[in-house]
Every structure is written in C-alpha cells, then in structure tokens.
Amino acid sequence: MVGLGKMGLSHVAIVRAHPEVTLVAACDTVAYLTDVLEKHTGLKCYGDLDQMLATEELDAVVISTPSKLHAAMVKKALDRGLHVFCEKPFVLDVVDGERLVELAEAKGLATQVGYHFRFVGAFQEAARIVNSGALGEVHHVRAEAYGPVVLRSKGGTWRSAKSEGGGALYDYACHAVDLVNFVAGPPMAVSGVVRHAVFSRDVEDEVYCSLHYPGGASGQLCVNWSDESFRKMSTKISVWGTKGRITADRQECQVYLREPHAALPGTAAGWTVRYTTELSKEVWFYLRGEEYSAQIDYFVQSVKLRRSDGENSFRSALLADRVVAMILAAGSDAPQASLSGAGQRIGAPAAKGWWSRLFG
C-alpha cells in the first residue's frame, strides 16, 4: 500500500479483510502516521517507496498518493513487474499515461484505476440498458457531480493545488467523465468550456462544457465541488434516446420506455425504478460503500487471471484523462477541441467487449 491518506487507509482496511490477499507492507512519508499504524496494527511500514519495493517480495501494489506522484510511482512498480491499482485520476499528463499503458501491456500486467462508480449497481444497470439498445438511438447524455469540497477562500489541500491534484477538473470531474465513457462512450470533441474559480486561487471549482459525438449526438458535463447544499459528493448521469430515457445516481436507476423492448424482458412501457438495494451485489467487507470492496476484489481477480484488459484498466482510464485534456485545451473561449478515435458508442448499441469483461 502506497499512500496512507483517506483513500489509502480505506484500502488498507478493505485489502486486509480480503480472504485471498495478504497486505505485506505500507508506505507513507508521514512518520507519525506509519509509526501509529505499525504500533497498533502490526503492519510493516516504510517511509520510502524505493526501499519498500527493494525489500519486500510483492505481487501487486495499491497507489493512493496525491495525483502528481502517480506517474513516477506507477512506473517504478511496473518496472519491477508488479500489478498496479492506482487511485484516480490516472495521471495529470496524457503523455505519461500513454507510456505507462504501453509498459503495462508489454509486460502483461493487470492494471486498474479507482473509478469506483463503475462498481455501483445503479450505474452498471444504466450502462447495461443503454448498451442493450432499449433506448433506441441515443441523442444526448448529461453527467453531473456536486459536493462540498472547497468552501472557503483560504486553506485547502493538495487536491486544490494545480500541480498536485489538478482541481475540480481532475479530482472531481474525472468521475463524471468516466461515467460518460462507461455508459455512453467517450465523446469525440468538447466545446463551450467554462472553468470557474469560486473559492480557489490556483484551480477551478466548477466546470461546465458541451460534449460532441459522431452523427450529431450531444452531451453536457456539469461539475461543482463548492456546493455545500450537498452533504457529500452526489453524482448522476442521464441519457436520452429516441425510445426512452434513463437517469441513475448512487441510490437508484430510473428508466422510461416509450414501448417495451425485447432486451429488457419484464420492463413495461412508462417508468420503472430499481433501487441500489436490489441492484447491489453482496461484498465480504463494507466500508463507505460496497463499490470500494467490489473494485478491489475485481483487481484481485485480475491479478490471479493476469487479466490485462479488465474494467478500469490503465487504457480505459486514459480515455478519461484524454477528455480532461480536451477540456483544458478548449478553454473558456477557445474553438472546439477534438479527440480522434473517440465517440464510437453513443447512438447505437455498443460492441460488447467491455461489458463481457465486467460481467462475463
């Protein structure tokens, strides 16, 4: 385990509870933290990543450090032939991501990035329904993420520093972008970008832009991490098609069909609502949400199978980084930016490779 902040400590608890995993060691530069953890849990801790990698015999690492450290740490692990789970965002520079994707795939290693919303039952159901073609030709998608992260002008953490976390765009919007990619496919271009600082000095606190797909389909991205009307992060995705629409968040998946569809037997015309309690699969350990354990177990199974093209792989996560790079390139008043090779799924049922990898 590399990095023992909020997510790192959550992963420590989840991994130590996993029946097929032994957590050998952890690493963090804060000596007080590692001393306390070592004293009260018996977990061997290091203050230096290079020393830990050179000393311990490992199969895999989980990296939960500030975003600016991801690229260098991931490379060190891959160079030693280790499977890698890295917290989101994958990297802050697309060029770094491309190199790491090539390295991991050349070595046949399992990789995964912590976009945990792909393991939420309601979002999985939304992706399944859109992929089934039941909504007809998809013509619009909207992803939203709001929450109370930065609520005052002074202070802040590494997440709100441009060179360390990347602000709301990299640290918050990336979740919504990845959900768009997961449910509807990555857009080919963005335009009308608005990046606005509400409290932060170095980064944006809210991001809005339009998404564009081949054939004229469109989308919207709406993100604000300075919204204290939400107690915690709230993420939602909506998709409109010629035969219906769907909206999903952490609690439920709502689908409206103009007429029944063979791909959704038992689903009548009109509204159908399925709640997270009936869509979620049981996990062996619950902390913050079943999706956190589910994603770690998926990574463990990928390591066992040496599955290099699984859900949330480095290559998949790099697509989210590319969309973020498009948003950065477009700016607030620049002409439309585009990304070749993206936007292959919206408007028609998807190729089923990504779906079968997740659900068999």
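Just one residue in the set Cys253, Cys222 is more than 22 Å from Thr277 (Cα to Cα), out of contact with any His (no Cβ under 8 Å at 6 or more places or on another chain) and either touching a residue at least 60 places away in the same chain (Cβ under 8 Å) or among the acidic types (Asp, Glu) (or both); that residue is Cys222. Within the stretch 111-169, the set of residues being assigned to a helix (DSSP H, G or I), modelled with pLDDT of 95 or more and under 17 Å from Met7 (Cβ atoms) comprises His116, Phe117, Arg118, Phe119.
Report the residue count in the stretch 182-192 for those that are touching a helix residue (DSSP H, G or I) at 6+ places or on another chain (Cβ under 7 Å) and surrounded by 23 or more Cβ atoms within 10 Å (Cβ to Cβ). Residues meeting the conditions: 6. For the stretch 270-318, a tally of residues being in contact with an Asp or Glu (Cβ under 7 Å, 6 or more places away or on another chain), within 28 Å of Leu78 (Cα to Cα) and assigned to a loop (DSSP other than H, G, I, E, B) returns 1.
Among the residues here, Tyr286 does not qualify as surrounded by 16 or more Cβ atoms within 10 Å (Cβ to Cβ) and among the hydroxyl-bearing types (Ser, Thr, Tyr).
Hey, can you tell me all the residues within the stretch 80-110 that are of a type outside the set (A, V, I, L, M) and in a helix (DSSP H, G or I)? If the condition is that a residue be of a type outside the set (A, V, I, L, M) and in a helix (DSSP H, G or I), then Asp96, Gly97, Glu98, Arg99, Glu102, Glu105, Lys107 are the ones that fit.
Residues are listed down the side, and each one gets a yes or a no for (1) under 19 Å from Arg118 (Cα atoms); (2) of a type outside the set (A, V, I, L, M, F, W, C); (3) within 20 Å of the chain's Cα centre (by Cα); (4) not in a strand (DSSP E or B):
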| site | (1), (2), (3), (4) |
| --- | --- |
| Leu179 | yes, no, yes, yes |
| Pro187 | yes, yes, yes, yes |
| Val190 | no, no, yes, no |
| Arg195 | no, yes, no, no |
| Phe199 | no, no, no, yes |
| Cys209 | no, no, yes, no |
| Glu228 | no, yes, no, yes |
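Report the residue count in the stretch 188-202 for those that are more than 24 Å from Pro148 (Cβ to Cβ) and out of contact with any Cys (no Cβ under 8 Å at 6 or more places or on another chain). Of the residues in that region, 2 qualify.
The values are calculated or read from the model by the stated rules, or taken from the named source; none is laboratory data. Small disclaimer: the values here were computed from a predicted structure and weren't measured. Ideal geometry is used to build each Cβ from the backbone, glycine not excepted, and the neighbour counts take in all protein chains shown.
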